[in-house]
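Enquirer: My structure is below; once you've seen it, I'll send some questions.
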Amino acid sequence: MECWEWPEEEWRRRVDQVRAGRSLKPASWPGGARCAVALSFDSDHDTNELRDGGNSIGRLSWGQYGSRVGVPRILDLLKREDIKASFFVPAVAARLYPDEQRRVIAEGHEIGLHGWIHELNSVLPEAVERDLHFRAADALEAITGQRPVGMRTPSWDFSPATLKIQRELGLLYDSSLMADDDPYELVENGEPTGIVELPVEWIRDDAPYFNMNRHQALRPYTPPPAVLDIFIREFDRAYEDGGLFLLTMHPHVITYRSRIFILEELIRHIKAKGRVSGKGAVWFGTHADVARHCLHGELDS
């Protein structure tokens with residue numbers, strides 16, 4: 001049956017599987033800050049090649065750059081700026097580079113779920129997807145000593161079963177969907193779930209601007225200064241709205257010598273904004289921090 005032949009109950013059923021519920025944008029952020037900033041890094045590393053069943057030594061080395069150069073460069077910058085961030089790590093990448101994950105946690109950052117091998121959830125049987133998510137949670141906990149409380153699905157690929165599995169995992173938040181600029185509660189088939197959605201968007205992601213595949217038409221056509229301008233404009237409007245600015249980055253993408261300035265200058269701009277405008281400070285938090293504040297105001301003190 002073609003989509004235009006569906007009865008109303010069918011297209012409503014598809015739409016209602018996962019929806020945005022009540023807004024969870026708080027009246028204020030911790031310390032009276034006007035805007036919350038949640039920086040995140042998807043440490044895909046070698047799984048970009050492995051998840052497609054590939055064996056390209058070149059692409060695997062590109063993934064290794066993310067761990068060998070990218071994550072240390074990011075952690076050093078975050079330490080200098082005294083900022084906490086969230087890292088979403090496929091379990092295979094975490095097992096390839098366990099010391100990296102231990103350093104991330106030791107320096108006060110968060111590690112969240114990002115699949116087993118960066119698989120696409122929407123092509124998996126529900127039982128397989130469930131097994132991979134639970135195995136990934138177990139693997140990250142075994143390496144870091146901390147059970148993940150949030151998930152970013154690989155490639156933001158969200159299956160009809162994903163939210164159900166997240167509820168079984170007892171997660172606090174998801175960060176894979178795009179129904180708002182600011183946090184909201186996920187609703188499953190009309191039922192509020194209590195899970196916070198911290199929305200993403202391709203505009204606020206480094207990969208669409210810089211990804212490269214020499215065997216395809218994928219080329220980095222956007223110059224780095226233009227990407228910085230886009231990110232700054234996204235933040236500035238979030239600041240004026242008193243909302244959340246959430247940025248997704250990748251260690252194997254953003255940290256090259258000609259690109260790392262994007263993150264450095266963005267952080268400088270964000271920190272200066274409150275001082276210049278006189279409208280209040282900016283609060284940097286992990287995704288878990290943001291979700292807890294939106295639900296319970298746990299960080300007000």
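Enquirer: Search segment 202-216 for residues that are on the phi < 0 side of the Ramachandran plot and pair each with any residue that is of a type in the set (Gly, Ala, Ser) and in a helix (DSSP H, G or I) when their beta-carbon atoms are under 6 Å apart and the residues are at least 6 apart or on different chains.
Expert: Going by the 6 Å Cβ cut-off, there are no qualifying pairs.
Enquirer: Scan Leu171, Leu198, Leu186 and give me the residue that is surrounded by 21 or more Cβ atoms within 10 Å (Cβ to Cβ) and either of a type in the set (D, E, K, R) or within 13 Å of the chain's Cα centre (by Cα) (or both). Reasoning before the result, please.
Expert: Details: Leu171 fails: either of a type in the set (D, E, K, R) or within 13 Å of the chain's Cα centre (by Cα) (or both); Leu186 fails: either of a type in the set (D, E, K, R) or within 13 Å of the chain's Cα centre (by Cα) (or both).
Result: Leu198 is the single residue among Leu171, Leu198, Leu186 that is surrounded by 21 or more Cβ atoms within 10 Å (Cβ to Cβ) and either of a type in the set (D, E, K, R) or within 13 Å of the chain's Cα centre (by Cα) (or both).
Enquirer: Can you tell me which residue within segment 210-229, out of those that are hydrophobic (A, V, I, L, M, F, W, C) and surrounded by 15 or more Cβ atoms within 10 Å (Cβ to Cβ), is farthest from Ser155 (Cα to Cα)?
Expert: Looking at residues that are hydrophobic (A, V, I, L, M, F, W, C) and surrounded by 15 or more Cβ atoms within 10 Å (Cβ to Cβ), I get Leu228.
Every residue, every condition in (1) surrounded by fewer than 18 Cβ atoms within 10 Å (Cβ to Cβ); (2) in a loop (DSSP other than H, G, I, E, B); (3) among the charged types (D, E, K, R), yes or no:
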{"residue": "Asn55", "(1), (2), (3)": "yes, yes, no"}
{"residue": "Gln64", "(1), (2), (3)": "yes, no, no"}
{"residue": "Val69", "(1), (2), (3)": "yes, no, no"}
{"residue": "Pro72", "(1), (2), (3)": "yes, no, no"}
{"residue": "Leu75", "(1), (2), (3)": "no, no, no"}
{"residue": "Lys79", "(1), (2), (3)": "yes, no, yes"}
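Enquirer: Can you tell me how many residues within segment 1-23 are surrounded by fewer than 12 Cβ atoms within 10 Å (Cβ to Cβ) and assigned to a strand (DSSP E or B)?
Expert: Count: 1.
Enquirer: Further, regarding this structure: Check Thr144, Thr153 and return the single one that is within 19 Å of Ser40 (Cβ to Cβ) and surrounded by 21 or more Cβ atoms within 10 Å (Cβ to Cβ). Break it down into steps so the answer makes sense when it comes.
Expert: Values: Thr144 fails: surrounded by 21 or more Cβ atoms within 10 Å (Cβ to Cβ).
Exactly one of Thr144, Thr153 is within 19 Å of Ser40 (Cβ to Cβ) and surrounded by 21 or more Cβ atoms within 10 Å (Cβ to Cβ), namely Thr153.
Enquirer: Additional query: Which one of these is in contact with a strand residue (DSSP E or B) (Cβ under 6 Å, 6 or more places away or on another chain) and either modelled with pLDDT of 95 or more or surrounded by fewer than 21 Cβ atoms within 10 Å (Cβ to Cβ) (or both): Leu299, Leu244, Leu263?
Expert: Working: Leu299 fails: in contact with a strand residue (DSSP E or B) (Cβ under 6 Å, 6 or more places away or on another chain); Leu263 fails: in contact with a strand residue (DSSP E or B) (Cβ under 6 Å, 6 or more places away or on another chain).
Being in contact with a strand residue (DSSP E or B) (Cβ under 6 Å, 6 or more places away or on another chain) and either modelled with pLDDT of 95 or more or surrounded by fewer than 21 Cβ atoms within 10 Å (Cβ to Cβ) (or both) holds for just one of Leu299, Leu244, Leu263, which is Leu244.
Enquirer: While we're looking at this one, here's another question. Of a type in the set (S, T, N, Q) and either assigned to a helix (DSSP H, G or I) or surrounded by 16 or more Cβ atoms within 10 Å (Cβ to Cβ) (or both) - does that describe any residue in segment 24-44? Explain how you work it out, then say what you get.
Expert: Step one: filter segment 24-44 for residues of a type in the set (S, T, N, Q), giving 28, 40, 43.
Checking which are either assigned to a helix (DSSP H, G or I) or surrounded by 16 or more Cβ atoms within 10 Å (Cβ to Cβ) (or both) leaves us with 40, 43.
There is at least one residue in segment 24-44 that is of a type in the set (S, T, N, Q) and either assigned to a helix (DSSP H, G or I) or surrounded by 16 or more Cβ atoms within 10 Å (Cβ to Cβ) (or both).
Enquirer: Separate question: Yes or no: Phe41 among the aromatic types (Phe, Trp, Tyr) and touching a Lys or Arg at 6+ places or on another chain (Cβ under 7 Å)?
Expert: Values: among the aromatic types (Phe, Trp, Tyr): yes; touching a Lys or Arg at 6+ places or on another chain (Cβ under 7 Å): no.
For Phe41, the condition - among the aromatic types (Phe, Trp, Tyr) and touching a Lys or Arg at 6+ places or on another chain (Cβ under 7 Å) - is not met.
The values are calculated or read from the model by the stated rules, or taken from the named source; none is laboratory data. Keep in mind that this is a model prediction, so the values were computed, not measured. Don't worry about glycine lacking a Cβ; one is built from the backbone with ideal geometry, like all the others, and counts go over all protein chains shown.
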